[in-house]
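The values are calculated or read from the model by the stated rules, or taken from the named source; none is laboratory data. All values reported here derive from a predicted model rather than from experimental measurement. Here Cβ is always computed from backbone atoms with ideal geometry, including for glycine, and neighbour counts include all displayed protein chains. Each accessible area value is taken on the protein alone, full model and side chains, heavy atoms only, with ligands, DNA and RNA left out. Shrake-Rupley method; radii C 1.70, N 1.55, O 1.52, S 1.80 Å.
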Amino acid sequence: MNRRSALGLMAGASTVAFAAPVFAQGGGAIASAYLTQPWSGPYGGVPPFDKVKIADFEPATLAAMDDMRAEIRAITMKRSAPTFQSIIEAFELSGQAYDRVGSVYSVWDSNLSNDAFQAVSAKLSPVKAAFGDEIKQNPDLFQRIEAVYNQRDTLKLNPQQDRLLWKKYKSFVRAGAKLTPEQKKEVADINQQLATLFDAFSKNLKHDEAQATFITKDDLAGLPENFIAALAAKAKDLGKDGLYAVQNTRSAMEPFTTYSTRRDLREKIWRAYVMRGDNNDQWDNKAIGAKILKLRARRAKLYGYPTHAHWRLEIAMAKTPENAMNLMEAVWGPAVNRVHEEVADMQKIADAEGVKITIAPWDYRFYAEKVKKAKYDLDESEIKPYLQLDKIQDAMFWCANKMYGFEFIKITDVPVFHPDVTTYKVMRAGKQVGVWYYDPYAREGKSSGAWETEYQSQSGMLKHICICSNNCNFIKAQPGQPILISWDDAETMFHEFGHAIHALSSNAWYPSQAGTNTATDFVEFPSQLNEHWLPLPVVLNQFAIHYETGKPMPKALQEKLVRSSKFNQGFATVEYLACALIDMKYHLAGETDIDIDAFEKTELTKLNMPKEIVMRHRPTQFAHIFSSDDYSAGYYSYLWSDALVADAYEKFMKEGGPFEGPTAKNYFDHILSVGDTIPQDVAYRNFLGRDVNRDALMRQRGFA
């Protein structure tokens, strides 16, 4: 998942072409100026994480808003005829102080949230939303942007400039610039309400994910030793030394339900996890989700679109909800059929064991391991000793070097936001192209899952290198012990690192066109493709090293991995695709009142959802769509991108693989480096020579 600044309206960070910020917030703004000023230090400047005080976010944000207002006034007060340089490029340069605050703020929001920060966030969220509308609904500014847009055919712009002009104009129109004053006021009110609701949804989810189920030594049957040690360490952190804490996160739930032989505890841990935000208490998210959907539907009508989904997909690769639904429905049927086959295989094993159960959702992972063992003589416990977290990181670096020439050099001369974070300068062809931050461990106040964030986009115009991070939630091992991760977690690391590689490869002039600033249903393409390099023998032979013997993963075990690559694809596809379909159906429903729990049950029943599986993200914990607008009506993007991935992967393998042959350079030149300088469908055709062939997706998943 790719996350962008929690505050940023524009992209980039510099003071080029503008005077120093105009602070109108008194002494607080002066004390917090380090958050708005151009970053100092090595590598062209880095975020001042070592100086941050939560109390400084509010005055710094307000000061940065005043700074941007002054910049916008300077643009709109020009008496000369509007030109691309005086309006579009000037607007592209505006808001850099605001972006700098937003970059640091987003780190505290995702990685270090606590009561003090959440209080500030609750106060600032509607203020930020109102400020965004203030900019996008500024009639004087839009009049000048529109004037430049209307003469675009005579301006002799290069393709990047032409696309920048189109995107700026379109972003204002889509945000209501042409609405009546009354409609603009209603949109602004909706956006402020949404900002408050997004903040509340995230706060509630973080609360539920911070909870833990405590178990005793008698409850550990079947669990791997390294996982037991991690549970003990977590309990100690929570003041329960001598017990074992299973935190309410995916990184704890999945291994527990995979290995525990205690069916009653598997159910308990599973239920706690899938009921996050749905416990009819003060942290319940059902009403919040329903309000978000209603407000989005009303806003879309004001914008002139049938539904929120139509508004969101207009500028995506898919173009329309119908196109996205067609792809999802084409895959759904074969995936459900595969689930029935998988469940039948599990039930046979359960029946043979004489346990007299019917496979339930909390049994799926446990019996899937047994089926994998029976079919492929393979189980996760056999793989995991070869997957050391540090070695997987080394593997990521090696692949990036072999394919694209990147070098990651560890540094200690930049401030970090937590002692767990390590930093690297990134070199390519003898030139520094970025700084990469790595935050691998779970902690209280950190969002669950894994993601990539860009603190600063690359820009030739601003002479900026890319500054980005990868963030995970691994449970720390005991001192001196390696952290062993699952195969799925190793793939996730490669996935999120793929986002970072995409950002670091950028070669754009304008910051808003750099790196991962692409359509949501394209941005997952480079990250998902990067997952495919992990299982290659040349990678496993070097980096899948047994933590005790120091020997590489045997060839026979690697071959089992290849043979089992399509195993459990029914589960993986249905668990994900149920979310994507419900997301789209929510946002196609219009202004009807929705009970999100009842809607979930009704629509999944219509889809013939297998009873042995639940949505990967049930509605009350579906942060992708309810903590911001970013992936709303957009969760289909992972499948859309995977169609691109499957086709591209076949091209790589036909032309010598990722580390030999011409394909990696072709891919770097036409996909990774171009960002949003050209439309994404054009970029894909430039790379592949044609449009995507979706048959490759069905072959990849074993549904052909």
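Taking amide H atoms as placed 1.01 Å from N in the peptide plane, the amide H of Ile411 lies under 5 Å from those of Thr423, Tyr424, Lys425, each 5 or more residues away in sequence or on another chain. Rolling a 1.4 angstrom probe over the protein heavy atoms with all chains in place gives the chain an accessible area of 39 Å² per residue. In order along the stretch 73-89, phi translates into HN-Hα couplings of 4, 4, 5, 7, 8, 5, 8, 6, 4, x, 10, 4, 6, 6, 10, 6, 5 Hz, rounded to whole numbers, per the Karplus curve 6.51 cos²θ - 1.76 cosθ + 1.60 with θ = phi - 60° and x for Gly and Pro. A straight Cα-to-Cα reach below 19 Å connects Lys463 with the aspartates and glutamates Glu89, Glu92, Asp99, Glu454, Asp676, residues fewer than 8 places away in its own chain not being considered. From the Kirkwood radius over Cα pairs of the stretch 196-273, Stokes-Einstein at 20 °C and 1.002 mPa s returns a whole-number translational diffusion coefficient of 166 µm²/s. Once you reduce the stretch 168-215 and the stretch 638-677 to the center of their Cα atoms, the two points are 35 Å from each other. For the stretch 35-180, a Kirkwood hydrodynamic radius built from all Cα pairs, placed in the Stokes-Einstein relation at 25 °C and 0.890 mPa s, yields a translational diffusion coefficient of 145 µm²/s. Every Cα-Cα pair in the chain was counted, and those over 38 Å apart are 35% of them.
Work out the FRET efficiency for Lys178 and Lys611 from their Cβ-Cβ distance, taking R0 = 56 Å, and round it to the nearest 0.05. So the FRET efficiency works out to roughly 0.70.
At 25 °C and a viscosity of 0.890 mPa s, what translational diffusion coefficient does Stokes-Einstein give for the stretch 295-360, taking Rh as the Kirkwood radius over Cα pairs? Give it in µm²/s as a whole number. Once the numbers are plugged in, D ends up at 161 µm²/s. In the chain, the longest principal axis of the Cα atoms and the axis of helix 389-404 are about 50 degrees apart. Per-atom-type breakdown for the stretch 442-563 gives carbon and sulfur 52% of the accessible area (1.4 Å probe, protein chains only).
Classify the stretch 208-318 as rounded, prolate or oblate, taking a ≥ b ≥ c as the square roots of the eigenvalues of its Cα gyration tensor: rounded when a/c is under 1.5, otherwise prolate if a/b is larger than b/c and oblate if not. Cα axes put the stretch 208-318 in the prolate bin. Listed by chain and number, the lysines whose C-alpha is less than 23 Å from the C-alpha of Lys606, apart from same-chain residues fewer than 8 away, are Lys286, Lys294, Lys585. Evaluated at q = 0.10, 0.11, 0.17 Å⁻¹, the base-10 log of the normalised Debye intensity for the stretch 453-581, with identical point scatterers placed on the Cα atoms, takes the values -0.46, -0.55, -1.06.
Of the two radii for the stretch 399-496, the radius of gyration is 0.99 times the Kirkwood radius, both from the alpha carbons; that is the Rg over Rh value. For the cross-link pairs Lys170/Lys425; Lys370/Lys555; Lys123/Lys167; Lys203/Lys611; Lys170/Lys301, the ones whose C-alpha atoms lie over 28 Å apart are Lys170/Lys425; Lys123/Lys167; Lys203/Lys611. Per-residue Karplus couplings for the stretch 359-371, computed as 6.51 cos²θ - 1.76 cosθ + 1.60 with θ equal to phi - 60°, are listed in order as 3, 10, x, 7, 9, 4, 5, 4, 7, 4, 4, 5, 5 Hz, Gly and Pro entered as x.
For the stretch 684-692, putting each phi into the Karplus relation 6.51 cos²θ - 1.76 cosθ + 1.60 with θ = phi - 60° gives couplings of 5, 5, 4, 6, 9, x, 6, 6, 5 Hz, in residue order, rounded to whole numbers and with x for Gly and Pro. Summarising the amide proton neighbourhood of Tyr441: residues at separation of 5 or more, or on other chains, whose placed amide H is nearer than 5 Å comprise Cys472, Phe474. Helix 596-606 against the longest principal axis of the chain: what's the angle in degrees, Cα atoms only, rounded to the nearest 10? Value to nearest ten degrees: 60. For the stretch 495-547 versus the stretch 427-476, the spacing of their alpha-carbon centroids is 12 Å. If you take the beta carbon distance between His418 and Thr592 as r and set R0 to 56 Å, what does 1/(1 + (r/R0)^6) give as a FRET efficiency, to the nearest 0.05? According to the calculation, E is roughly 0.80. Placing dummy labels 7 Å off each Cα toward the beta-carbon, the span from Asn326 to Asp281 is 4.7 nm.
For Asp521, Asp189, the ranking by accessible surface with the largest value first comes to Asp189, Asp521, using a 1.4 Å probe.
Its convex hull of Cα atoms gives the stretch 274-387 a direction-averaged projected area, equal to a quarter of the hull surface, of 12.4 nm².
Computed over the stretch 643-704, the Cα gyration tensor eigenvalues convert (square root of 5λ each) into semi-axes of 20, 16, 8 Å, ordered from largest to smallest. Tell me the angle of helix 569-588 to the major Cα principal axis of the chain, expressed in degrees between 0 and 90 and rounded to the nearest ten. So the helix axis and the longest Cα principal axis differ by about 40 degrees. Equivalent-ellipsoid semi-axes for the stretch 348-461 (Cα gyration tensor, √(5λ), whole Å, largest first): 42, 18, 13. Solvent-free Debye calculation, one equal scatterer per alpha-carbon of the stretch 528-613: log10 I(q)/I(0) at 0.18 Å⁻¹ equals -0.84. Helix-only arithmetic for the chain: the sum of -39500 (n - 2.57) across DSSP H runs with n ≥ 4, divided by the residue total, places the mean residue ellipticity at 222 nm at -16500 deg cm²/dmol. Alpha carbon centre of the stretch 360-375 versus the stretch 279-317: separation in Å? Answer, in whole Å: 37. Convex hull volume of the C-alpha atoms in the stretch 514-672, normalised per residue: 173 Å³.
For Glu650 and His546, a Förster radius of 35 Å and the Cβ-Cβ distance give a FRET efficiency of 0.60, rounded to the nearest 0.05.
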